[in-house]
1. Out of all the residues in region 106-121, is one or more open to solvent by 20 Å² or more (accessible area, probe 1.4 Å), part of a loop (DSSP other than H, G, I, E, B) and out of contact with any helix residue (DSSP H, G or I) (no Cβ under 7 Å at 6 or more places or on another chain)?
2. Please give the number of the condition ALA221 fails out of (1) surrounded by 21 or more Cβ atoms within 10 Å (Cβ to Cβ); (2) in contact (Cβ under 8 Å) with a residue 24 or more places away in the chain.
3. Specify which of the listed residues (LEU23, LEU41, LEU95, LEU27) is outside any loop (DSSP other than H, G, I, E, B), open to solvent by 10 Å² or more (accessible area, probe 1.4 Å) and at pLDDT 85 or above.
4. Which one of these is β-branched (Val, Ile, Thr), open to solvent by less than 10 Å² (accessible area, probe 1.4 Å), closer than 27 Å to VAL296 by Cα and in contact with a helix residue (DSSP H, G or I) (Cβ under 8 Å, 6 or more places away or on another chain): VAL129, VAL200, VAL161?
5. For region 278-328, give me each residue that is of a type in the set (Phe, Trp, Tyr) and open to solvent by less than 50 Å² (accessible area, probe 1.4 Å).
6. Collect the residues in region 137-146 that are assigned to a helix (DSSP H, G or I) and open to solvent by 10 Å² or more (accessible area, probe 1.4 Å), keeping them in residue-number order.
7. Among the listed residues ILE149, ILE134, ILE175, identify the single one that is among the aliphatic types (A, V, I, L, M) and surrounded by fewer than 17 Cβ atoms within 10 Å (Cβ to Cβ).
8. What's the total number of residues in region 243-264 that are open to solvent by 80 Å² or more (accessible area, probe 1.4 Å) and either aliphatic (A, V, I, L, M) or touching a residue at least 12 places away in the same chain (Cβ under 8 Å) (or both)?
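The values are calculated or read from the model by the stated rules, or taken from the named source; none is laboratory data. Source: prediction; values computed, not measured. When we count neighbours, we look across all protein chains shown, and the Cβ atoms used for this are built from the backbone with ideal geometry, even at glycine. Keep in mind that these areas ignore ligands, DNA and RNA; they rest on the heavy atoms of the full protein, side chains included. Shrake-Rupley method; radii C 1.70, N 1.55, O 1.52, S 1.80 Å.
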Amino acid sequence: MHSPTRGAGPGSDPTTARQLGELGVLLLDAGLSVTDVRASLESVPAAGRRGGGDLAFAVLPDSVIVTDDTGAVTMLRSGGAGLSFRQAAHASRLLHHIVAAAVPLSQLPARIAQVRAMTRPYPLTSWAVGSALIAGGLALVFRCPWWSILAAAAVGALVGVVTSILDRARDGVAIVPFVSAFLSTVLVGVVGTVLDLGPVPLFAVCAPVAILVPGAVITNALLELTSTDIVTGSSRLLYGLIMLGFMTAGITAGAQVTGLRIDPDSAALLGEIGSVDGTGGWLALPPLWMSWVGVVVLALGIGVAFGAGLRLTLLGVAVMTGTYAVLVGATPLIGGVAATGLAAGVLFVTARILENLTVAVPATVSFQPAFLLLVPGTVGLVALAAFDAAALHSTPATFVSLCIGTKIGALAAEVVVRPRRPQAGPAATP
């Protein structure tokens with residue numbers, strides 16, 4: 001954990017410490033790394049705090065600790081429920097208003113309550129439909145046979161329903177990765193065996209559980225480790241690896257039960273997908289141009305599953321399409337690992353520019369959806385399930401490339417983007 005940092009001020013108010021702690025917890029629930037949350041809290045001007053304020057902030061993955069100049073400690077814990085993308089957009093926008101002193105701290109509790117009160121209509125249905133779109137879109141992006149694309153979408157919807165039910169039970173959360181991966185493998189394996197379709201593409205098995213792959217968790221862990229947040233980064237990394245291990249065990253167990261045969265040549269990286277057409281009928285591969293359609297379907301699925309709303313979903317489609325274009329264009333020139341870092345850097349700068357144009361489009365919301373294309377979490381799951389030594393070797397290198405690209409993109413954004421001062425008052429709903 002990074003050492004607490006203090007801001008200058010003659011004195012502090014315990015109410016202010018609690019208000020800023022609640023803001024930090026809101027940002028944690030919005031998906032920000034502990035490094036970004038701490039930096040955000042430290043950026044709140046001391047002059048805007050009630051009674052000045054000399055406060056130190058320490059952030060853990062599930063809590064925020066605020067210490068004032070008298071040594072009094074205020075600790076607030078996260079409830080564990082993540083925010084929807086729409087709520088995350090409002091949380092990030094609220095932070096910008098607070099930092100710019102456009103909204104006084106006295107209004108912060110009411111604003112936080114408004115953000116948390118936003119409800120997502122039909123959460124179970126949206127999660128199931130979004131999971132189906134993500135599974136089908138990902139299988140289409142990686143050019144699986146038509147039968148496996150349809151099977152992945154159908155199984156993805158079922159996985160969405162099962163995970164929603166298990167998440168309601170306290171003990172069910174721990175077994176979600178294994179149960180979901182096992183169920184996905186069994187169902188796809190049964191379809192392949194009954195119809196005698198031969199070896200099954202690995203992405204047809206992994207795509208239905210892609211919504212659960214902890215790619216963003218592992219990437220945040222590496223970003224925190226590079227920012228010397230050792231404790232939080234290590235805990236996130238260990239948690240992500242354990243989840244991948246459970247999912248790999250589920251795939252292995254499901255393959256043993258059904259006698260599933262995995263196509264050993266199906267663990268291709270994004271940007272390295274071939275243009276072979278395959279056989280005819282349902283065993284045929286989609287045309288290469290259909291991968292672009294798959295990216296759009298994938299973006300729509302993320303928007304539906306994570307409650308982005310119409311405008312943010314359309315933004316996600318545009319951002320993910322641009323990200324895919326960079327990956328496809330750069331991979332033949334510099335390789336898949338370096339292309340991931342380049343795409344991350346370009347995407348981060350683009351997200352900051354969008355945020356600077358209007359605070360209704362926070363960088364966290366425009367950057368996070370495209371991570372499903374960038375993070376090698378799914379590729380890591382594929383590599384583990386296929387026991388592909390080459391893929392296992394390239395996965396850590398891709399993580400490192402992603403972190404370096406993001407860090408360089410953040411530095412470039414600070415140089416070329418001038419922060420826009422938001423105006424006081426309510427903003428348009430994303």
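1. Of region 106-121, the ones open to solvent by 20 Å² or more (accessible area, probe 1.4 Å) are 106-107, 109-111, 113-114, 116-121.
Those left that are additionally part of a loop (DSSP other than H, G, I, E, B): 118-121.
Okay, now just the ones that are also out of contact with any helix residue (DSSP H, G or I) (no Cβ under 7 Å at 6 or more places or on another chain), so 119, 121.
Scanning region 106-121, I find at least one residue that is open to solvent by 20 Å² or more (accessible area, probe 1.4 Å), part of a loop (DSSP other than H, G, I, E, B) and out of contact with any helix residue (DSSP H, G or I) (no Cβ under 7 Å at 6 or more places or on another chain), so the answer is yes.
2. Failing condition for ALA221: (2).
3. Of LEU23, LEU41, LEU95, LEU27, the one residue that is outside any loop (DSSP other than H, G, I, E, B), open to solvent by 10 Å² or more (accessible area, probe 1.4 Å) and at pLDDT 85 or above is LEU95.
4. Values: VAL129 fails: open to solvent by less than 10 Å² (accessible area, probe 1.4 Å); VAL161 fails: open to solvent by less than 10 Å² (accessible area, probe 1.4 Å).
Criteria check complete, one pass: VAL200.
5. Restricting attention to region 278-328, the residues satisfying the condition of being of a type in the set (Phe, Trp, Tyr) are 282, 289, 292, 306, 324.
Residue satisfying the conditions is TYR324 alone.
6. Just the residues of region 137-146 that are assigned to a helix (DSSP H, G or I), to begin with: 137-141, 146.
Within region 137-146, LEU140, TRP146 meet the criteria.
7. Working: ILE149 fails: surrounded by fewer than 17 Cβ atoms within 10 Å (Cβ to Cβ); ILE134 fails: surrounded by fewer than 17 Cβ atoms within 10 Å (Cβ to Cβ).
Just a single option satisfies the conditions, and that option is ILE175.
8. Pass one, region 243-264, residues open to solvent by 80 Å² or more (accessible area, probe 1.4 Å): 246, 256-257, 261, 264.
Checking the rest, the ones that are also either aliphatic (A, V, I, L, M) or touching a residue at least 12 places away in the same chain (Cβ under 8 Å) (or both) come to 246, 257, 261, 264.
Result for region 243-264: 4.
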